[in-house]
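Scroll down for the structure; my scribbles are underneath it.
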Amino acid sequence: MAPLLQVQDLHVAYISRAGRKSPALEGVSFDVRTGETLGVLGESGCGKSTLAVALLRLLPGNAEIQKGAVLFEGQDLLRAEPRALEPIRGARIALIFQEPSLALHPTIRISEQVSDVLAAHEPASRAARRQKMLQVLAEVFPADTAHIADSYPHQLSGGQQQRVLIAMAIACGPSLIVADEPTASLDPTTQQDILGIFRRLREKFNLSIILITHNPALLAGLADRVLVLYAGKVAEIGPTEEVLKSPQHPYTRALMQSVPEGLEGSARSRKSRLPVIPGEAPNLAVLESGCRFESRCADRMEQCKQREPGATALSEAHAVSCFKYGG
Amino acid sequence: MRYFLRRLMQGVFLLIGVSILTFLFSTLAPGNYFDEMRLNPQIAPETVAALRVQYQFDRPLPVRYGRWVNALLHGDMGFSFAYNSPVAPLLWVRARNTLLLTVTAMLIAWALALPLGIWSATTFGRLPDRAISGATAVLLVIPDLVLAIGVLILAVRSGWFPTGGMVSAALEGLTPVQKLRDLAWHMELPILALVLSALPSLVRHVRAAVAEVLDAPFLRAAASHGIPRTRLLYRYALRAAANPLISLLGFSVGSLLSGSLLVEVVMSWPGLGPLLLEAILARDLFVVIGGVLCSTVFLVTGNFLADVLIYWADPRIRSGAPAR
Amino acid sequence: MPYRVSSTVDDSREGEKMDRLLIVEKLAKRYERTTVLGSKKEVLALQEVSFSIGRGSTLALVGESGSGKSTLAFCIACLERPTSGRIVFGGNEIAALGEKQLREVRPQIQLVFQDPVRSLNPRFSALEIVSEPLIVQGRLNKQEREARGRALLAQVGIPQEKESQKADEFSGGQRQRLAIARALSLEPKLLVLDEALSALDYSVQAQIANLLLELQAALGLTYLFITHDLGMAAHLADEIAVMEQGRVVEMDAADTLLRAPGQEATRRLIAATPRLGAADHRPQVI
């Protein structure tokens, strides 16, 4: 069966006012199958948020898609007419942005904002729409649905706002949801609630999810596969268990080591020095040749400075971009 | 609710303060109507003195103010020396004429400013925006007086428009429809001048308010839900940009009586402006105070209106949410 | 509400008292919020909070948002006056001090905030940021201040060539280093870190956590580490106090608390913390 989403060799760059191009994503390729949850793991500046908006061609004016294809249900979204994208946005692929408090219109009621999403894609009478709107909200707010519907965003807590965004995302029955840091600003308990909602909804509606985050622990319980993004390129992609427990790419390995054992640690590991990745993520506007992780890599070799590695398949499901394994 | 009562009380206090100040300044300013009269050799000094007593100019200031307020509360706004008639009916007629002009001009200006400002904001930095910004800059720089005179020159040179006044001399013999058309014909130029002077600032405000909102995350989020572009613009963007614009609307309403003075004087439109000007020059005390008070009432009403509108439009203010 | 107190906290023993740099007793803070419409709402941010921190050690204060952690931080840093209760710092009662005396105390307790973007003036250079508190405090002349500023920058790992770079040109992690350096400029004894790591990427959090541990060892600092990330709290803290709705409901040595939590709130927090070990047992997707 063909994958639901196929991203092929995607290149996105930002153009400064002076006309200088700095790459945000280069050569990004991956698949998402129906019902699968793909985690995109990366830190600030790696291009994960750019990836989210690029899929739906919602990039800001100063960004440019230079190369690549995004095949969704067989159609290349990057080459489609803008009009052809409208029935897809929000209805077949839904985006959940970071910062729920900023993603909702401040002076329009929740009920209207949800209804607007329905109205954009499904012609129906007002009464039918209102029915559907309450139904959709009830998926994430089993109690108090009517009260929440009548509220304004600022009257809701962060967790509640996030639920509203999730409701708006599933309102028209999409097959793919792209969630960008859906739990970043939330409490641990609220985080768990939101993740629980994701689990329940994907079971119920057989959703595919792309979950973008910088927190590997979130993906441990939710994702089938993990894609690790570094400096705009795919460092590693494979089954969650393998990538998180036995990472192959030096960056992934260093990243996993720098997360404190915390709750799972022993008294000895407490207050010990964490192994860190020296230096900082590269400034993509001034790129040098060679692998982008080279300057911080513990395993760097001569050739790492000269060329960029390609992807090597370690197994059927697991691929790495590193000279250690070929490339 | 308490909030509105408080604002109302503030407005009333403002009115009282303005009336006191106006009264004070008008009477304290050197010269009064009777001094002018005294210069006129044809009027006997005894007549002047008698008139002064009649108008109670010999009484102390607070007493005169008190009597004036008392009269005001009974609907009597005093007496105009120059026109030899009660002030109130004089003011109403003139105010009506002014409002005819300014309300129409305001409606037209806003009707033009909204789409122009939105267009400018959505094409930020590109040609349409640069053209509109350039035009508004030019208009802003030209003083209102120059604009009004320029429009007048247009009338004189082209002969298409009347060069002043509100109605033609031959008004009496016309049918109602023709009277209306005559009125409209006379209104065109003053309204043109008013709109030209108000438009640039409005357009810039709309542009700024909308441009700021266009960058907001919730707009991109709404776009990602597939909400069509026009709805996005008018329902989502404009509503979020509404707050500063509503304040501006209130201010516009507030200046309905006072903003057109220059244009009225230049175009000889029989409104409140020329009346006030003459009254000040002639030291016609009660007309001046009455006119200033009317303008202030409008100002206060305009601001109050803005408060009410914002309260109605922004739920965050209704529930006293902390500013994010 | 009864809470379990570890055996290391015992006010009745005078000798022990000196080991606790900070003792907070029954601290309460009430706010009155006036809405735009003029109605008043009373908010009880802190209700009878009691805990203490050992000199040179780290206490992690964990709790959900709304539990009162930030209010507590502000009260301890003497930026807010508590409604009632005692704060004993270095043996001295400071909660009820007058403004003049507080000015002596404040340099000893410094705050590091969560948001590296908004807590630093973006147009100040790195050197200016770390030497600003010295100007305000009126100590040292210009040369001395700059020398001290440079030493501080070196201590937190900001390279010297970046000392005149503007704050908004630094990354999030570097900005937090600047914030820490600024906090250290007045040679405080207690550093209150209010969610100081929460806005950073994990690899950067590790760097800053290491820095904090180094500084604690080198300068003998005491830390009050406020967070809702139990994992990082577990890594950095000697003791952990759990807050819920304005109260400290449990406080114990880190190991003990995590292995055998006594209160429901603690158990809930532990359960809610995402773990790498947890696997999602789903049937393989075709």
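No value in this document is a laboratory result; all are computed from the given coordinates. Every value quoted in this text rests on a predicted model; they were computed, and no experiment measured them. As a convention, Cβ positions derive from the backbone with ideal geometry for all residues, glycine included, and neighbour counts pool all protein chains shown.
Could you please report the charge total around B:Val87, scoring K, R as +1 and D, E as -1 over all other residues with beta-carbon less than 12 angstrom from its beta-carbon? After counting each charged neighbour, the total is -1. Using a simple spin-label model with pseudo-atoms 7 Å out from Cα toward Cβ, A:Lys21 and A:Arg273 lie 4.3 nm apart. Our analysis of the range B:104-222 gives Rg over Rh at 1.14, with the two radii drawn from alpha carbon positions and Rh computed by the Kirkwood formula.
In the range B:87-318, Cα pairs under 8 Å separated by at least six residues give a relative contact order of 30 percent. Dividing the helix sum by the residues of chain A, where each DSSP H run of 4 or more adds -39500 (n - 2.57), gives a mean residue ellipticity at 222 nm of -8500 deg cm²/dmol. Remark on the range C:19-131: ratio of C-alpha radius of gyration to 2.2 N^0.38 Å is 1.22. Only helical runs count toward this figure. For chain B, summing -39,500 (n - 2.57) over DSSP H runs of n ≥ 4 and dividing by all residues gives -24000 deg cm²/dmol at 222 nm.
Computed with the Debye formula from one identical point scatterer per Cα of the range B:139-201, without solvent, the log10 of I(q)/I(0) at q = 0.13, 0.14, 0.25 Å⁻¹ comes to -0.40, -0.46, -1.00.
The packing ranking of peptides B:65-71, A:137-143, A:15-21, C:209-215, highest mean first, is C:209-215, A:137-143, B:65-71, A:15-21, where packing means the average number of other beta carbon atoms within 10 angstrom of each residue.
Kirkwood Rh over Cα pairs of the range C:136-286 into Stokes-Einstein at 37 °C, 0.692 mPa s: D in µm²/s?
182
Each of A:Thr312 and C:Glu214 was given a label point 7 Å from its Cα along the Cα-to-Cβ line. The distance between the two points is 3.4 nm.
Relative to the longest principal axis of the Cα atoms of chain B, the long axis of helix B:2-28 makes an angle of roughly 40 degrees. Between A:Arg126 and A:Ala80, the C-beta separation translates, for a Förster distance of 22 Å, into a calculated FRET efficiency of about 0.10. Rounded to the nearest 500, what is chain C's calculated 222 nm mean residue ellipticity when only DSSP H runs of at least 4 contribute -39500 (n - 2.57) each, over all residues? Rounded to the nearest 500, the figure is -10000 deg cm²/dmol.
Measuring spread by the Cα atoms of chain A yields a radius of gyration and Dmax of 20.8, 68 Å.
The DSSP beta bridges internal to chain A are antiparallel in roughly 60% of cases. Cβ-to-Cβ counts within 10 Å put B:Met187, C:Met251, A:Met301, B:Met9 in ascending order as B:Met9, A:Met301, B:Met187, C:Met251, the fewest first. Straightening the chain between C:Ser164 and C:Asp255 buys 28.4 nm, computed as 0.36 nm per residue apart minus the Cα-Cα spacing. P(r) tail, the protein assembly as shown: Cα-Cα pairs separated by more than 47 Å, 44% of all pairs. Put one equal scatterer on each alpha carbon of the range A:65-183, apply the Debye formula with no solvent term, and list log10 I(q)/I(0) at q = 0.15, 0.17 1/Å to two decimals. Reported log10 I(q)/I(0), two decimals: -0.69, -0.86. Net charge in the neighbourhood of A:Ser49 (other residues with Cβ under 12 Å of its Cβ; Lys, Arg +1, Asp, Glu -1) is -2.
From other protein chains only, count the Cβ atoms within 10 Å of every residue's Cβ in A:271-281, then give the mean.
On the way: counts 12, 3, 5, 11, 3, 9, 5, 1, 1, 7, 5.
Mean partner-chain Cβ count within 10 Å for A:271-281: 6.
Between amide H atoms placed 1.01 Å from N, distances below 5 Å from A:Leu10 occur with A:Gly27, A:Val28, A:Ser29, A:Ala69, all of them 5 or more places distant or on a separate chain.
If the segment from B:Arg38 to B:Val69 were pulled out straight at 0.36 nm per residue, it would be longer than the present Cα-Cα gap by 8.3 nm. In the range C:182-286, Cα pairs under 8 Å separated by at least six residues give a relative contact order of 20 percent. What fraction of the DSSP beta bridges in the range C:156-286 is antiparallel, stated in percent and rounded to the nearest 5? Antiparallel: roughly 55 percent of the beta bridges in the range C:156-286. Viscosity 1.567 mPa s, temperature 4 °C: give me the Stokes-Einstein translational D for chain C in µm²/s, with Rh taken as the Kirkwood radius over C-alpha pairs. Translational diffusion coefficient: 64 µm²/s.
Ordered by the count of other Cβ atoms within 10 Å of each Cβ, fewest first, A:Glu81, A:Glu99 give A:Glu81, A:Glu99. Counting only DSSP beta bridges whose two residues both lie in the protein assembly as shown, roughly 60 percent are antiparallel.
If you take all other residues with their beta carbon under 14 Å from the beta carbon of B:Phe298, and give Lys and Arg +1 and Asp and Glu -1, the sum is +2. Rounded to the nearest 10 degrees, the angle from helix B:45-54 to the longest Cα principal axis of chain B is 60 degrees. Taking Cα atoms, how many degrees apart are the long axis of helix B:242-254 and the longest axis of chain B, rounded to 10 and kept between 0 and 90? For helix B:242-254, the angle is close to 20 degrees.
Applied to the range A:148-155, the Karplus parametrisation 6.51 cos²θ - 1.76 cosθ + 1.60 on θ = phi - 60° returns per-residue 3J(HN,Hα) values of 5, 4, 7, 7, 9, x, 5, 8 Hz, with x for Gly and Pro. Across the range A:289-295, rounded Karplus estimates of 3J(HN,Hα) from the backbone phi angles (6.51 cos²θ - 1.76 cosθ + 1.60, θ = phi - 60°) give 6, x, 4, 6, 9, 3, 5 Hz, Gly and Pro being marked x. Could you list log10 I(q)/I(0) for the range A:148-290 at q = 0.09 Å⁻¹, which the Debye formula gives when each Cα is one point scatterer? Rounded to two decimals, the profile gives -0.38. Relative to the 2.2 N^0.38 Å rule of thumb, chain B has a C-alpha radius of gyration ratio of 1.23.
Give me A:Thr183, B:Thr230 sorted ascending by neighbouring Cβ count inside 10 Å, so fewest comes first. Kindly include the intermediate steps, with their values, before the conclusion.
Details: A:Thr183 25, B:Thr230 8.
Exposure proxy ranking, most exposed first: B:Thr230, A:Thr183.
For the listed residue pairs A:Lys233/C:Lys162; A:Lys21/A:Lys233; A:Lys305/C:Lys162; A:Lys21/A:Lys67; C:Lys26/C:Lys100, the alpha carbons are over 18 angstrom apart in A:Lys233/C:Lys162; A:Lys305/C:Lys162; C:Lys26/C:Lys100. Which trypsin sites (Lys or Arg not before Pro) from the range A:264-317 combine a DSSP loop assignment with at most 13 other Cβ atoms within 10 Å? Passing both the DSSP loop test and the Cβ count: A:Arg268, A:Arg273, A:Arg307.
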